[in-house]
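Structure record follows, encoded as structure tokens.
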Amino acid sequence: MSWSNLLQIISRLRSPEGCPWDRKQTHQSLKRFLLEETYELFEAIDCENTDSIKDELGDVLLQVLLHAQIAKEQGAFSMDDVIENLSEKLVRRHPHVFGGSVQADTPEQVVKTWDAIKKTEENLSQRVSVLDGVPSVFPALMRAEKIQKKAAKVGFDWDETPDVVEKIHEELAELETAIKRELPEEIEDELGDLLFAAVNLARFVDVDPEFALQRATAKFVERFHLVEAYAREEGLDLHDLSLDDLNVLWDRAKAQRRKNPQV
């Protein structure tokens, strides 16, 4: 099966003789599916399952091909245009590989060169703020991190990690005060400041906050599953247990997970 065969399949699916579901799709309707397929790819990567990674990459590629086919039908662009645009961009933004006139021996130097080239490109020339260019539809943690990195590039940043830790303590104290005042809007505002500061800390210690929270949530789910299993073993109903009883099972689950991190 060749690349041209795949494009023909996509075109056939979108044709009047093709699939009713595929013919119905638009750029807007496909947005959720691209997001879903991307997260399924993330899960396959986390599980280190090469067969699943291969399969999920295909599903992500399908979404790209559908968008390109829709654009072709509208006379906007084709998949060939997408490939040409990407190829030109990769060569343009990697002069240390394809040009020979720029030296970039470390990942940090590559990023600096990449950013400098992006600033000269036409689609960036109309930006007014250094914070422009971060999609508002990004997950909140990801967007906060991107915004902070852009501000840091012009020097608006903390000096040391302890400074960020101190800021977190400050924001937590303000949140505690807001809670005591029982003002919902103030509580939401202060909680947002605390989360924003936590993202700053994640950036300083070189941790992706989005994935860190995903892992923390997954860890909670694993431990809670153990709590449920222990309750079943003892013939207990979680709904009938007190918080103290649940905490006993929770501590048991934590101890079990420390003994066997794979559990």
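Only the coordinates and a few stated rules stand behind these numbers; no lab work does. Keep in mind it's a predicted model, so treat the numbers as computed, not measured. Cβ: placed from backbone, ideal geometry, glycine included. Neighbour counts: every protein chain shown.
A compact table of results
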{"quantity": "Order of SER136, SER29 - criterion: other Cβ atoms within 10 Å of each residue's Cβ, fewest first", "calculated": "SER136, SER29"}
{"quantity": "Cβ-Cβ FRET estimate between VAL134 and CYS19, R0 fixed at 45 Å, reported to 0.05", "calculated": "0.80"}
{"quantity": "Difference of contour (0.36 nm per residue) and Cα-Cα distance, LEU90 to ASP206", "calculated": "39.2 nm"}
{"quantity": "Pair ARG181, ALA71: separation of 7 Å Cα→Cβ label points (nm)", "calculated": "4.8"}
{"quantity": "Per-residue ³J(HN,Hα) for region 41-46, Karplus 6.51 cos²θ - 1.76 cosθ + 1.60, θ = phi - 60°, Hz, x for Gly and Pro", "calculated": "5, 4, 5, 4, 5, 4"}
{"quantity": "Candidates per trypsin sites (Lys or Arg not before Pro) in region 153-188, loop by DSSP, up to 15 other Cβ within 10 Å", "calculated": "LYS153"}
{"quantity": "Kirkwood Rh, angstrom, region 210-259 [1 / mean 1/r, Cα pairs]", "calculated": "11.4"}
{"quantity": "Ranked list, fewest to most other Cβ atoms within 10 Å of each Cβ, for HIS27, HIS94, HIS67", "calculated": "HIS27, HIS94, HIS67"}
{"quantity": "Neighbour-count ranking [beta-carbon atoms within 10 angstrom, fewest first] of TRP114, TRP158, TRP3", "calculated": "TRP3, TRP114, TRP158"}
{"quantity": "Gyration tensor verdict on the chain (Cα atoms; rounded if a/c is under 1.5, prolate if a/b is larger than b/c, oblate otherwise)", "calculated": "oblate"}
{"quantity": "Extension gain, ASP80 back to SER11 (0.36 nm per residue minus Cα-Cα distance, nm)", "calculated": "23.5 nm"}
{"quantity": "Calculated FRET value between GLU108 and ALA216, using beta carbons and R₀ = 25 Å, to 0.05", "calculated": "0.30"}
{"quantity": "Tensor-based shape of region 14-95 (alpha-carbon gyration tensor, a/c under 1.5 rounded, otherwise prolate or oblate)", "calculated": "oblate"}
{"quantity": "Anisotropy class of region 80-150 from Cα gyration tensor, a/c 1.5 cut", "calculated": "prolate"}
{"quantity": "Length released on extending from LEU57 to VAL165, taking residue separation times 0.36 nm less the Cα-Cα span", "calculated": "35.0 nm"}
{"quantity": "Helical contribution to [θ] at 222 nm, DSSP H n ≥ 4, -39,500 (n - 2.57), averaged over the chain, rounded to 500", "calculated": "-24000 deg cm²/dmol"}
